[in-house]
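Shown next, in structure tokens, is the structure this report addresses.
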Amino acid sequence: MSHLGMKLIYPMLNRREDTWCERSFAPWIDMEKQLRDHDLPLFAIESMTPLCDFDFVGFTLQYEMSFTNIINMLDLGKIPIRSTDRTMEDPIVIAGGPCASNPEPLADFVDIFFIGDAEVTLDDLLDLYKAWKKTKKPRIDFLKKAVALDGIYVPAFYKPTYNTDGTLKDFQPIVEEAPQKVRKCFVDDLNTAYYPETLLVPYTSTVHDRVSYEIFRGCGRGCRFCQAGMLYRPTREKTSETIKNQIDVLLKNTGYDEISLASLSSGDYPGIETLIKDLVDQYESDNISVSLPSLRIDSVSIDMLEQMQKVRKSGVTLAPEAGTQRLRDVINKGVTEADLMQTVEDAFKKKFGHIKLYFMMGLPTETDEDIAGIAHLGHKVVEAYFDTDESLRNRSLKVVLSTACFVPKPFTPFQWEPQDTMDEFVRKQKHLKNEIKSRKITYNWQDSQLSYLEAIFARGDRRLCKLLEAAQKAGCRFDGWSRMFDYDTWLQLIEELEIDGAFYACRQREKEELFPWDFIDIGVTKEYLYHENQKAKLGELTPYCKEECNDCGVMQFQEGWVCSEHYTV
Amino acid sequence: MIVVLCNFRKDGFVVSIIRFKFQRKEALRFLSHLDQLRLFQRAFRRANIEIEHSHGFNPHPKLAFAQAMSVGMVSDEEYADVTVKGTITIDEFMQKINKALPEGLCVIDAWYIEKGTLSLNASMAESEYELNVDLLYPIAEETVQKAVDALLTKQEIIIQRRTKKGKIKEKDIRPFIKALEIKKIEALSITFRLTVIYIEQQCVKPMIVLEKLNLEGLILNPTVFMVRTMLKLT
């Protein structure tokens with residue numbers, strides 16, 4: 001219920017006279033047991049219709065470690081897991097979202113993938129379906145018609161061949177309707193694109209239980225680890241007028257008392273301070289608060305935070321991502337220690353006592369010095385607190401350092417890079433723990449086993465489908481939930497199926513290697529990504545798109561597209 | 001004639017306190033108290049009825065329910081007080097809020113109260129429930145009646161409960177039980193009618209009364225279907 005994409009697609013489908021869209025969520029294990037014990041199919045929430053009775057069943061692919069849930073939901077919904085086993089009686093299984101950028105690990109289970117913004121072709125696909133359904137022709141007829149649309153990928157229409165070393169040799173369509181390259185779709189103008197006037201308002205409190213409002217799509221910062229930053233190019237902004245109007249309608253229709261301005265980097269919205277001030281001024285008397293989910297250190301001003309938190313006050317979370325300037329330059333994060341310290345000092349003066357810093361561990365070229373740099377930053381933050389005048393600062397201090405294990409993702413400049421081994425992650429985590437001397441600092445780290453599997457699937461190919469299927473049969477579900485994650489079972493299956501995990505996760509790839517996701521054209525070219533990879537190794541920065549065009553390829557992707565016409569500087 | 005009862009805030013703003021009676025039907029019987037509170041807050045916003053907020057560090061809306069409703073309970077009579085900014089007629093209030101409430105919740109009556117009126121919590125006098133209980137096996141009506149009579153003839157019914165500090169405290173629940181009778185008995189279910197009274201804002205939970213019946217064969221968990229049929233205020 002927290003996912004913004006679902007909140008957009010759901011009313012978009014239901015606005016159609018001929019379409020009825022419902023929701024279904026992966027049941028927790030207790031509910032699954034009840035369903036299986038009583039031989040009941042997984043059903044949709046609104047009318048309790050079993051999943052197998054729908055025309056389409058769609059999944060949002062947010063995270064690789066939710067893949068087993070998808071297969072499990074198909075199984076619970078009494079839909080054959082594999083596309084090849086489905087008949088005219090079964091629904092068409094569709095999927096989209098960030099993980100559809102490398103759909104191959106799910107190739108055997110999903111009939112149709114949406115690549116890019118689904119809003120563009122969703123209606124067309126339904127129209128095609130309606131026309132096809134009347135003809136009573138086989139499923140393949142519909143799929144062949146569907147691939148004529150931009151951003152539609154039907155995995156059954158392609159065949160990969162492999163080299164003896166296991167790398168991909170060739171990836172070709174096997175039906176003439178299927179294009180060589182699948183081009184992503186993107187919405188040209190978010191101001192005129194469909195946006196819902198109301199949202200589903202849950203009875204129980206969910207994560208992100210508020211009006212989550214998308215102020216722009218795409219991000220031109222070019223952080224080299226970030227997949228979304230490449231996938232969702234070009235940057236497309238909504239005007240502040242559109243934003244204010246649409247938010248007002250949503251607040252009136254939902255009754256929510258909080259607005260969150262969502263995007264990949266909301267602090268980068270031009271005039272964000274004015275926008276927030278306007279929103280706070282307009283809604284403060286109604287006790288409606290405004291928040292920003294993600295902030296770059298160099299774009300936040302603490303005054304802005306204070307503005308937003310007038311109604312409710314919480315801590316400050318910042319993401320330096322890496323411990324030293326050298327490594328931050330490698331990833332093109334662009335922020336400096338001075339930016340961070342300035343923000344932190346301001347925060348302490350405004351009585352914030354809780355500072356959280358996010359880092360990634362295992363970034364390319366990382367050394368033990370970079371790890372020690374994380375602790376060093378933590379210590380400097382603690383020092384800054386004690387340097388703050390006692391009468392101004394909060395009475396208590398808590399600094400949380402948290403590290404995630406870096407997972408190289410497709411369509412990023414680091415798609416060629418190996419992930420650190422699990423032993424190396426554990427060693428680095430220990431090293432960091434030893435470097436932290438202050439009792440004011442809490443250190444949280446992410447489990448490396450889960451990140452290892454995530455890395456396998458992130459850059460995996462369709463030979464992993466059998467692993468997913470076996471994992472679902474073996475009872476793996478909710479792998480992203482630490483209490484449910486069963487690494488030993490995964491490891492055992494990987495061995496049994498003779499899959500080389502390190503081949504996917506920890507291998508340095510050659511420049512010329514053909515990747516399983518290379519058939520997708522996201523606009524940003526592979527040459528550009530490789531160029532960025534080389535610059536990373538030299539520690540060279542790439543400027544923000546809005547300051548200087550870096551020729552990433554997206555301008556050539558769509559005829560007549562000029563990035564700068566869709567954002568303001 | 002339209003009567004609007006106004007109260008004045010210290011700063012001269014007009015607020016009206018409205019007491020309303022509502023029903024919760026089966027569709028929403030699994031709402032928790034906090035879910036329901038949030039639901040009403042959002043419904044008031046959707047209805048464009050402006051609620052007064054407290055003026056503290058963490059402002060919260062002035063909306064108070066007579067009692068936290070048990071999860072799973074259906075009710076024909078519940079009460080809440082809400083402080084509304086400005087003036088609004090009762091008709092307008094009911095029309096607007098009912099339009100904004102989801103299926104399963106409905107305001108059936110409302111009236112102004114004056115500032116200083118006894119709080120809802122303190123005004124609860126009597127409550128009547130229908131409790132439908134599944135049975136493990138059929139039980140004769142006489143057996144049930146005997147158990148009911150035995151319970152009601154007791155001078156005191158002591159239960160033990162844990163206080164917030166973790167101490168075990170004894171409490172006599174007999175004074176709260178006004179009446180208990182069998183409403184209907186079927187092959188594998190019984191419906192009881194229970195009337196309880198409130199003494200110094202204290203009462204007894206219907207489930208505890210059923211437990212104290214000491215009647216073998218009642219499936220108390222999780223199948224008791226509880227309906228509040230009446231809630232009387234003093």
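The values are calculated or read from the model by the stated rules, or taken from the named source; none is laboratory data. Because the structure is predicted, anything quoted here is derived from the model rather than measured. Here the Cβ positions follow ideal geometry from the backbone for every residue, glycine too, while neighbour counts run over all protein chains shown. Note: accessible area is taken over every heavy atom of the protein model, side chains too, but ligands, DNA and RNA are not part of it. Shrake-Rupley method; radii C 1.70, N 1.55, O 1.52, S 1.80 Å.
With the charge dipole of the stretch A:1-146 set up from +1 on Lys and Arg Cβ and -1 on Asp and Glu Cβ about the Cα centre, the Cα lying farthest toward the positive end among the listed residues A:Tyr63, A:Ala118, A:Ser2 is that of A:Ala118. Taking label positions 7 Å along the Cα-Cβ direction at both B:Glu186 and A:Asp170, the computed distance is 7.0 nm, reported to one decimal. When accessible surface is computed with a 1.4 Å probe, chains A and B are found to bury approximately 1300 Å² between them, both chains counted.
The listed residues A:Ile499, A:Ile374 rank as A:Ile499, A:Ile374 when sorted by accessible area, largest first, using a 1.4 Å probe. Simple spin-label estimate for A:Lys430 and A:Thr274 gives 5.6 nm between the two label positions (7 Å along the Cα-to-Cβ direction from each Cα). The calculated FRET efficiency for A:Asp141 paired with A:Asp551, based on their beta-carbon distance and R0 = 51 Å, is about 0.75. Relative contact order of the stretch A:22-145: 21 percent, from C-alpha pairs under 8 Å at least 6 residues apart in sequence. Full extension of the chain between A:Lys356 and A:Glu498 yields a length gain of 47.0 nm, computed as 0.36 nm times the residue separation minus the alpha carbon distance.
Taking amide H as placed 1.01 Å from N in the peptide plane, the amide H of B:Glu52 sits under 5 Å from that of B:Lys62, B:Thr83, B:Val84, B:Lys85, each at least 5 places away or on another chain. Neighbouring Cβ atoms from other chains, within 10 Å of the Cβ of residues in A:194-203, number 2 on average. Within the stretch A:320-341, whose backbone N sits under 19 Å from a point 7 Å along Cα→Cβ of A:Asp303? From the stretch A:320-341, the list is A:339-341. Helix A:526-538 and the longest principal axis of the C-alpha atoms of chain A enclose an angle of approximately 30°. Under 1.5 on a/c is rounded, so check that first for the protein assembly as shown, then, if it is not, pick prolate when a/b is larger than b/c and oblate when it is not; a ≥ b ≥ c are the square roots of the alpha carbon gyration tensor eigenvalues. In terms of gyration-tensor shape, prolate. All C-alpha pair distances within the stretch A:54-117, sorted into 10 Å bins from zero, spread as 23, 59, 18, 0 percent across the bins. The slack in the chain from A:Thr206 to A:Phe386, taken as 0.36 nm per residue of separation less the alpha-carbon distance, amounts to 61.1 nm. How much of the accessible area of the protein assembly as shown, probe 1.4 Å, is carbon plus sulfur, in whole percent? Answer for the protein assembly as shown is 51 percent, counting heavy atoms of protein chains only. With K and R counted +1 and D and E -1, the other residues having a Cβ less than 12 Å from that of A:Glu214 yield a net charge of +1.
Compared with its chain on its own, the stretch A:238-283 contains the following residues whose accessible area drops by 10 Å² or more in the full protein assembly (probe 1.4 Å; ligands, DNA and RNA excluded): A:Lys252, A:Asn253, A:Thr254, A:Gly255, A:Tyr256, A:Asp257. The eigenvalues of the Cα gyration tensor, multiplied by 5 and square-rooted, give chain B an equivalent ellipsoid with semi-axes of 38, 20, 16 Å from largest to smallest. Any chance you could check the Cα centroid distance between the stretch B:52-84 and the stretch A:93-142 for me, in angstrom? Going from one Cα centre to the other spans 47 Å. Among A:351-363, B:150-162, A:430-442, the peptide with the highest mean count of other Cβ atoms within 10 Å heads the list, and the full ranking is A:351-363, A:430-442, B:150-162. Note on A:Lys134: aspartates and glutamates with a C-alpha under 18 Å away, same-chain residues under 8 apart excluded, are A:Glu17, A:Asp18, A:Asp53, A:Asp55, A:Glu89, A:Asp90, A:Asp123, A:Asp124. The mean sequence separation of alpha-carbon pairs under 8 Å and at least six residues apart, normalised by the residue count of chain A, gives a relative contact order of 15 percent. Taken per residue, the accessible surface of the stretch A:1-69 reaches 51 Å², heavy atoms only and a 1.4 Å probe. Panel note: the C-alpha atoms of the stretch A:218-288, placed on their principal axes, show extents of 42, 23, 19 Å (largest first). With a cut-off of 18 Å on the backbone N, the residues of the stretch B:58-81 near the modelled label site 7 Å out from A:Asp286 along Cα-Cβ are B:59-62.
Extension gain for the segment A:Met1 to A:Asp189, taken as residue separation times 0.36 nm less the Cα-Cα distance, is 65.1 nm to one decimal. Over all directions, the projected convex hull of the C-alpha atoms in the stretch A:116-269 averages 13.7 nm² in area. Under the criterion of Cα pairs below 8 Å and six or more residues apart, the relative contact order for chain B equals 25 percent.
Sequentially through the stretch A:279-290, phi angles give Karplus couplings (6.51, -1.76, 1.60; θ = phi - 60°) of 5, 4, 4, 5, 10, 4, 5, 8, 6, 9, 9, 10 Hz, Gly and Pro residues having no value and appearing as x.
Applying 1/(1 + (r/R0)^6) with R0 = 56 Å to the Cβ-Cβ distance of A:Lys244 and A:Glu510 gives a FRET efficiency near 0.65. Compared with the dominant Cα axis of chain A, that is its longest principal axis, helix A:240-254 is turned about 70°. Of all DSSP-defined beta bridges confined to the stretch A:125-281, some 65% are antiparallel rather than parallel.
Among beta bridges from DSSP that stay inside the protein assembly as shown, the antiparallel ones total about 65%. Sequence-ordered 3J(HN,Hα) estimates for the stretch A:333-350 from the Karplus curve with 6.51, -1.76 and 1.60 and θ = phi - 60° stand at 6, x, 7, 10, 4, 4, 4, 4, 5, 4, 4, 5, 4, 4, 4, 4, 5, 9 Hz, glycine and proline given as x.
Mean partner shielding of peptide B:25-37, defined as the number of other chain Cβ atoms within 10 Å of each residue Cβ, is 1.
Packing order of peptides A:322-335, B:183-196, A:30-43, highest average first: A:322-335, B:183-196, A:30-43 (average count of other Cβ atoms within 10 Å over each peptide's residues). Could you work out how far helix A:67-76 tilts from the main Cα principal axis of chain A, as a 0 to 90 degree angle to the nearest 10? Roughly 40 degrees, rounded to the nearest 10. Label-to-label distance for A:Asp423 and B:Ile158 is 6.7 nm, based on points extended 7 Å past Cα in the beta-carbon direction. Restricting the stretch B:70-140 to GluC sites (Glu not before Pro) that sit in a DSSP loop and have at most 12 other Cβ atoms within 10 Å of their own Cβ leaves B:Glu103, B:Glu114. Scalar couplings 3J(HN,Hα) for the stretch B:78-86, obtained by applying the Karplus form with A = 6.51, B = -1.76, C = 1.60 to θ = phi - 60°, are 10, 10, 8, 10, 9, 9, 9, 6, x Hz; x denotes Gly and Pro.
When a/c reaches 1.5 or more, the comparison of a/b and b/c decides; with that in mind, is the stretch A:1-144 rounded, prolate or oblate per its Cα gyration tensor? Cα axes put the stretch A:1-144 in the rounded bin. Restricting the stretch A:102-180 to trypsin sites (Lys or Arg not before Pro) that sit in a DSSP loop and have at most 15 other Cβ atoms within 10 Å of their own Cβ leaves A:Lys136. Compute the label zone of A:Met48 within the stretch B:23-40: residues whose backbone N is under 19 Å from the point 7 Å along Cα-to-Cβ. Hits in the stretch B:23-40 for A:Met48 at 19 Å: B:25-31.
From the Cα gyration tensor of the stretch B:33-106, with a ≥ b ≥ c the square roots of its eigenvalues, which class applies: rounded if a/c is under 1.5, or else prolate if a/b is larger than b/c, or else oblate? Oblate, since a/c reaches 1.5 and b/c is not below a/b.
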